[in-house]
Protein chains: 2
Amino acid sequence: MRITAVAGGVGGSRFLRGLLAAAPRAQVTVIGNVGDDITLHGLRVCPDLDTVMYALGGGIHEGQGWGRADETFAVAAELAEYGVGPDWFTLGDRDIATHLVRTQMLDAGYPLSAVTEALCARWKPGVRLLPATDDRAETHVILADDDGKRRAVHFQEYWVRLHAPQAESIVFVGAEKAQPAPGVLDAIAEADVVLFPPSNPVVSIGAVLAVPGIREALESSAAPVVGLSPIIGSAPVRGMADKVLAAVGVSETSAAAVAEYYGPSLLDGWLVDEADAQQAARVEAAGIRCRAVPLLMRDADATAAMARAALDLAAELKR
Amino acid sequence: MRITAVAGGVGGSRFLRGLLAAAPRAQVTVIGNVGDDITLHGLRVCPDLDTVMYALGGGIHEGQGWGRADETFAVAAELAEYGVGPDWFTLGDRDIATHLVRTQMLDAGYPLSAVTEALCARWKPGVRLLPATDDRAETHVILADDDGKRRAVHFQEYWVRLHAPQAESIVFVGAEKAQPAPGVLDAIAEADVVLFPPSNPVVSIGAVLAVPGIREALESSAAPVVGLSPIIGSAPVRGMADKVLAAVGVSETSAAAVAEYYGPSLLDGWLVDEADAQQAARVEAAGIRCRAVPLLMRDADATAAMARAALDLAAELKR
């Protein structure tokens, strides 16, 4: 079975571990979000790709779900001594090695997809990890100050430094000229199942969909596209999805509202949490098959069960 | 008093500490060797400039005379895990922060002299530290294999990886088009005294002299130029000066031979060790004033005494 998953960072990588446990013989391709990517201290940092790579490759800091286990921060402490910012984004020493290898390869002319493959040669994540695009398509957030003045900040500044204040709109800078990375469209066209993990629908999966061609490929794919709600009740399970949903015109924070935001042309099936079972009828009325199952990734078994439920729904949709 | 010193790495920086102790009120400008500079993992590394900066700024590893105190090597260990070489040159974590700041500024278009000034704003070395040139003038070593085939290696590879085998010749790649960094020629012209610490005459001071204009400025300087022999007896005090002296046609490893290599048009005074007192007459016969004093930098006091002896000889030459 060929499974193609669109993934953000922490939530996506946790779900992928469950997926690999649920379908150990599947060939899994992951289309990773690159909208969060940022250049810091001259180093190209790809937080979501690295989170997937470290998490599936056994290098992740399990407690926080991102960054390296047993990390140290000698370089960051020295950069602070030099007074070189930003002070709101701290790179760990082990992590920096990844960025050094990546930056050197990018500077030598290799596309990000080739760099990611080279890094994965060490980590052996058990999936084929593809960046959504080799081009720059950065997620920026437009904020409106109290006096109505607007300013744009990089997603990382919005998220890490500003802690996700109310956003006016989201802009994927450069996305309109970006092309899907080699293999991305084929991975969608040749998939038996496409999955949307419970990642942020706007700044994780939405940033992937912003690359021209990817949404169209998903819409025309013969494979069922099944997603898992990142919202349980009226709040995101993790992160601040509610803050960015409003910025794309979704004023209601609910599993059903996210399904409607994706829409039936994109989404064939949708899993909501048991707590949101009463929303299933609304989702189905929108033309999306819906099931209610436990959606909290509280441990490996629970996460594998979620992945199995998604694959079951996909199988049902294929009949 | 304005003192301008030409400096290599470890020996140069140790001497400079003695100089600052001997002449605490002097304005000292250091013209640093950049021939050893190398790009590793995409980072621009300037070993000699950093050795001076760390040594005079209180950050040096006192035992080895180069690199940072309390250094860690998490990044290097990770780079090794990625299989990314070279494995014969290990960058410490704290040191990497310096190279990140430098590389980012160079990439932004700042010349090395401006970058060095910015780094020194943190370290406050008590001297004005100037690179010999902002241009690339890298020391490469030509080696002849047993079968007569020649190959060129970067100085760092020659020194660190190959441990200084017999060299056929030395080439300062790019030096012919290099220009002295801003301030270098003025520092020579306006100096009251110019000093050559007991650094390697070929690959440290020689690499500085290879930048067109610097040798000429020293030769026409009104200030006395006084050097200290890096050779005591028939061996270099530190490093492998004998190996590279042969490559520039100096077959004899002695204090007098180094003085003759510099020559009287460049050098006005020369200090040899007491053990080499019998060579003084030969040096003087070559037109260079010579004194024999203790030249082992065994501690801060001995080093300061050496600096005082050099300044005394300079004062004598000015009369």
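Within 14 Å, Cβ to Cβ, of A:V153, how many net charges do the neighbouring residues add up to if Lys/Arg are +1 and Asp/Glu are -1? Don't skip to the answer; put the middle values down first.
Details: positive: A:K149, A:R150, A:R151, A:R161, A:K243; negative: A:D36, A:E138, A:D145, A:E157, A:E168.
Neighbour charge sum, excluding A:V153 itself: 0.
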Identify, among A:L266, A:G63, A:A178, the residue whose Cα sits farthest towards the positive end of the charge dipole of chain A, taking +1 on the Cβ of Lys and Arg and -1 on the Cβ of Asp and Glu, with the dipole about the Cα centre.
A:L266
Cα axis of helix B:300-318 to longest principal axis of chain B: angle in degrees, 0 to 90, nearest 10?
50
So how tilted is helix B:93-107 from the main axis of chain B? Cα-based, degrees 0 to 90, rounded to 10.
90
Distances from B:A118 to the same residue in each other copy, label points 7 Å out along Cα→Cβ, in nm, shortest first?
2.6
Any residue on another chain or 5+ positions along whose placed amide H is under 5 Å from the amide H of A:F73 is listed here as A:D93
Proxy reagent accessibility, fewest Cβ within 10 Å first, across A:H140, B:H163:
B:H163, A:H140
Mind checking the angle between helix A:47-57 and chain A's longest principal axis? C-alpha axes, 0 to 90 degrees, to the nearest 10.
70
Give the order of B:W66, A:W123 when sorted by the count of other beta carbons within 10 angstrom, beginning with the fewest.
B:W66, A:W123
Rounded to the nearest 0.05, what FRET efficiency is calculated for B:A77 and A:Q64 with R0 set to 25 Å and r the Cβ-Cβ distance?
0.70
Looking down the axis that turns B into A, which residue of B has the closest beta carbon, and how many Å out?
B:D93, 3
Report, for B:D186, each distance to the same residue's label point in the other copies, shortest first and in nm; define the point 7 Å along Cα→Cβ.
6.1
5 angstrom amide H check on A:R128, placed H, neighbours 5+ away
A:V28, A:T29, A:V30
Determine which residues of the range A:194-235 fall in the zone a paramagnetic label at A:E176 would reach in this model, i.e. backbone nitrogen under 15 Å from the point 7 Å along Cα→Cβ.
A:210-213
If the reach is capped at under 14 angstrom between alpha carbons, list the aspartates and glutamates near A:K149, excluding any in the same chain fewer than eight residues apart.
A:E168
Mind listing the long-range amide H neighbours of B:R44? Cut-off is under 5 Å, sequence gap 5 or more, other chains count too, H placed in the peptide plane at 1.01 Å from N.
B:T103
How big is the antiparallel share of DSSP beta bridges in the range A:12-154, given as a percent to the nearest 5?
70
Karplus ³J(HN,Hα) for the range A:277-283 (6.51 cos²θ - 1.76 cosθ + 1.60, θ = phi - 60°; Hz, whole; x = Gly/Pro) runs 4, 5, 8, 4, 5, 5, 5
Residues listed by number, the range B:15-37, amide nitrogen under 17 Å from B:E190 label point at 7 Å toward C-beta
B:26-32
Gain in length, A:A235 to A:E252, computed as 0.36 nm per residue apart minus the alpha-carbon separation, to one decimal in nm?
5.1 nm
Distances from B:E252 to the same position in the other copies: list them in nm, one decimal, shortest first, using label points 7 Å from Cα along Cα→Cβ.
9.7
Label-point separation, A:K318 to A:Q166 (7 Å along Cα→Cβ), nm:
4.6
Cβ neighbours within 10 Å from other chains - mean over A:82-94:
3
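Ranked by Cβ crowding within 10 angstrom, fewest neighbours first, how are B:R94, B:R136 ordered? Can you show the working numbers first?
Working: B:R94 23, B:R136 15.
Taking fewest neighbouring Cβ atoms as first place, the list is B:R136, B:R94.
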With viscosity set to 0.890 mPa s and temperature to 25 °C, compute the Stokes-Einstein D of the protein assembly as shown, Rh being the Kirkwood radius across alpha carbon pairs; µm²/s, no decimals.
88
Once each part is reduced to its C-alpha centroid, what is the distance from the range A:196-253 to the range A:103-150 in angstrom?
18
Straight-distance crosslink candidates among lysines, where the alpha carbon sits under 30 Å from B:K318 and sequence neighbours closer than 8 are dropped:
none
Which aspartates and glutamates, if any, have their Cα less than 15 Å from the Cα of A:K177, not counting same-chain residues under 8 positions apart?
A:D134, A:D135, A:E138
Which is farthest toward the positive dipole end of chain A among A:L195, A:F73, A:G233, measuring Cα position about the Cα centre, with Cβ charges +1 (Lys, Arg) and -1 (Asp, Glu)?
A:L195
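Every number here is computed from the coordinates shown, using simple stated rules; none is lab data. On a predicted model such as this, the values are computed, not experimentally measured, just so you know. Cβ: placed from backbone, ideal geometry, glycine included. Neighbour counts: every protein chain shown.
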